[in-house]
Amino acid sequence: MADCIFCKIVAGEIPSEIVFKDDRVTAFRDIHPVAPTHILIVPNKHIASINELQPEDEGLMGYLFTVERKLAEQEGIAQSGFRSIINTGPDSGQEVHHLHLHLIGGQRMRHPMG
Ligand code: 5GP
Ligand code: ZN
């Protein structure tokens with residue numbers, strides 16, 4: 001997607017602090033972290049939101065969470081705990097229309113966010 005900021009990060013056209021990358025998924029630190037660990041895990045292919053998910057994306061979505069588990073361990077927050085957030089559409093406050101999983105941790109969470 002030409003105008004998608006996360007597609008540009010995946011393609012390496014915009015700098016970011018990438019913490020994991022393979023042929024399916026890219027993970028990088030959020031530019032405005034709300035906690036000591038705040039990582040965004042995105043599919044490399046452009047999917048605007050959960051509303052656009054197709055049946056063939058089921059494996060990819062499961063894989064996002066497997067990557068999240070590995071990153072939580074790497075960050076040292078697997079046992080202390082973390083929050084997983086995917087925003088979809090206007091009421092959620094979704095700002096970037098490329099599906100992304102927020103991995104947030106390293107501090108005690110306030111309810112309901114951050
Ligand atoms: P949303 O509200 O769409 O769920 O979350 C979008 C997230 O992307 C926000 O937490 C925001 O700080 C982050 N973000 C927006 N633009 C950039 C960017 O250019 N680089 C990085 N690393 N994060 C970004
Ligand atoms: Zn995109």
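Here, each number is a calculation from the coordinates, and none is a lab measurement. Please read all numbers here as calculations on a predicted model, not as lab measurements. Virtual Cβ from ideal backbone geometry, glycine too; neighbours counted across all protein chains shown.
Within the range 34-67, being in contact (Cβ under 8 Å) with a residue 40 or more places away in the chain and away from ligand 2 (no atom under 15 Å from the Cβ) holds for Val34, Ala35, Pro36, Thr37, His38, Ile39, Val67.
When the range 79-104 is examined, which residues are found to be within 9 Å of ligand 1 (Cβ to nearest atom) and touching a residue at least 60 places away in the same chain (Cβ under 8 Å)? Lay out the reasoning, then the answer.
If we filter the range 79-104 for residues that are within 9 Å of ligand 1 (Cβ to nearest atom), which is where we start, we get 85-88, 92-98, 100, 102.
Val96, His97, His98, His100, His102 - these are the residues of the range 79-104 that are within 9 Å of ligand 1 (Cβ to nearest atom) and touching a residue at least 60 places away in the same chain (Cβ under 8 Å).
Got a number for residues in the range 17-33 being away from ligand 1 (no atom under 14 Å from the Cβ) and free of Cβ contacts under 8 Å to residues at least 12 places away in the same chain? Number satisfying all stated conditions: 1. Here Thr26 passes the criteria (1) over 22 Å from Ala2 (Cβ atoms); (2) buried (at least 16 other Cβ atoms within 10 Å of the Cβ) except the one numbered (1).
So that you can scan it fast, the table gives a plain yes or no per residue for (1) on the phi < 0 side of the Ramachandran plot; (2) loosely packed, with under 15 Cβ neighbours inside 10 Å; (3) within 16 Å of ligand 2 (Cβ to nearest atom); (4) not small (Gly, Ala, Ser):
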| site | (1), (2), (3), (4) |
| --- | --- |
| Ala72 | yes, no, no, no |
| Gln79 | yes, yes, no, yes |
| Arg83 | yes, no, no, yes |
| Ile86 | yes, no, yes, yes |
| Pro90 | yes, yes, no, yes |
| His97 | yes, no, yes, yes |
| Ile104 | yes, no, no, yes |
